[in-house]
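These notes are about the structure you will find just below.
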Amino acid sequence: SGGANPTYRCLFPTPPLAGEIPTCEEAGVLGALAGMVGAMMALEVVREIVGFGEGLVGRLLLIDARGMRFETVRYAFDPENPLSGAGAR
């Protein structure tokens, strides 16, 4: 569309405070999930290069690994986004 693409900060403008979210070292990492998400990210790149399907730009993919469910949430560019909006440095 030629317009600005939304970023994660458009959806969550304020980052969490230090120590508010456990680190991967503290909470642990499910290796198989990291592998699955990595493969999905690689597929998304191929999809963008080849130009098939609907890309994930402007959509957040939510993965429920326990229930093996996937959902997407649409969101738009926020002109007040502190990283890339009008007030960005």
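A few remarks follow.
- Pick from the stretch 44-89, criterion part of a loop (DSSP other than H, G, I, E, B), open to solvent by 60 Å² or more (accessible area, probe 1.4 Å) and of a type in the set (A, V, I, L, M, F, W, C), ranking: nearest to PRO13 (Cα to Cα): LEU83
- Condition check for THR14: over 16 Å from the mean Cα position of the chain (by Cα) and surrounded by fewer than 10 Cβ atoms within 10 Å (Cβ to Cβ): no
- The stretch 1-11, subset open to solvent by 80 Å² or more (accessible area, probe 1.4 Å) and among the polar types (S, T, N, Q), residue modelled with the highest pLDDT: ASN5
- Leading residue by the ranking (nearest to PHE70 (Cα to Cα)) among those in the stretch 25-39 that are open to solvent by 90 Å² or more (accessible area, probe 1.4 Å) and hydrophobic (A, V, I, L, M, F, W, C): LEU30
The values are calculated or read from the model by the stated rules, or taken from the named source; none is laboratory data. Please read all numbers here as calculations on a predicted model, not as lab measurements. Quick reminder, even Gly has a Cβ in these numbers, built from the backbone with ideal geometry, and neighbours come from all protein chains shown. For the accessible areas, the whole protein counts, side chains as well, though only heavy atoms, and no ligand, DNA or RNA atoms are used. Shrake-Rupley method; radii C 1.70, N 1.55, O 1.52, S 1.80 Å.
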